[in-house]
Amino acid sequence: MKPVKPWPSGSACPEPAFPDFAKALKQASHHFADDSGKEWGSAHGCMDQAVSIAVEAAWPYWAMKRMYREVGPLPSFDDFMERYCKVLLATSKAGAL
């Protein structure tokens, strides 16, 4: 796990991968906002992208939770963490961890 220093409240997250993480979550929110469900496949793809960014960055739980809260996307943090855990489990089973 990569060490992450807390950043001051009200300031931008200094992590280099945060802008891409935030962008993926905002795009997921945009696609999930389509009540017809026609864009939900794209929304899931954006959530998977956000998960990939978080896994690659190896952020600690507290940092991911704070970043997620700061972005404020439509999908819940629990939904994000479920996807995150599935990726880690699949990677572990594949022997890549």
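Shown for CYS85, CYS46: other C-beta atoms within 10 Å of each C-beta, ranked fewest to most, produce the order CYS85, CYS46. If you take all other residues with their beta carbon under 12 Å from the beta carbon of VAL4, and give Lys and Arg +1 and Asp and Glu -1, the sum is +3.
With the helix formula -39500 (n - 2.57) applied to DSSP H stretches of n ≥ 4, the chain reaches a computed 222 nm mean residue ellipticity of -20500 deg cm²/dmol.
Charge tally around ALA57: other residues with Cβ under 12 Å, Lys/Arg +1 each, Asp/Glu -1 each, net -2.
With contacts taken as Cα pairs under 8 Å at a separation of at least 6 residues, the chain carries a relative contact order of 33 percent. Comparing ALA50, PRO75, PRO16 along the charge dipole axis of the chain, the residue lying farthest to the positive side is PRO16, per the Cβ-charge model. For SER11, SER92, SER42, the sequence from fewest to most other C-beta atoms within 10 Å is SER11, SER92, SER42.
How much length, in nm to one decimal, is gained on full extension between SER76 and TRP62, taken as 0.36 nm per residue of separation minus their Cα-Cα distance?
Details: separation 14, 0.36 × 14 = 5.04 nm, distance 1.54 nm.
Between SER76 and TRP62, full extension yields an extra 3.5 nm.
Proximity of backbone amide H atoms, modeled 1.01 Å from N, is registered between LEU74 and SER29 at under 5 Å, excluding neighbours fewer than 5 places apart on the same chain.
Shape class of the chain from the Cα gyration tensor (axes a ≥ b ≥ c, square roots of the eigenvalues): oblate, since a/c reaches 1.5 or more and a/b does not exceed b/c.
Quick note: the coordinates plus some simple rules give every number you see, no bench work behind them. What you see is a predicted model; the values in this text were computed from it and never measured. FYI the Cβ positions are ideal-geometry reconstructions off the backbone, even for glycines, and counts take in every protein chain you see.
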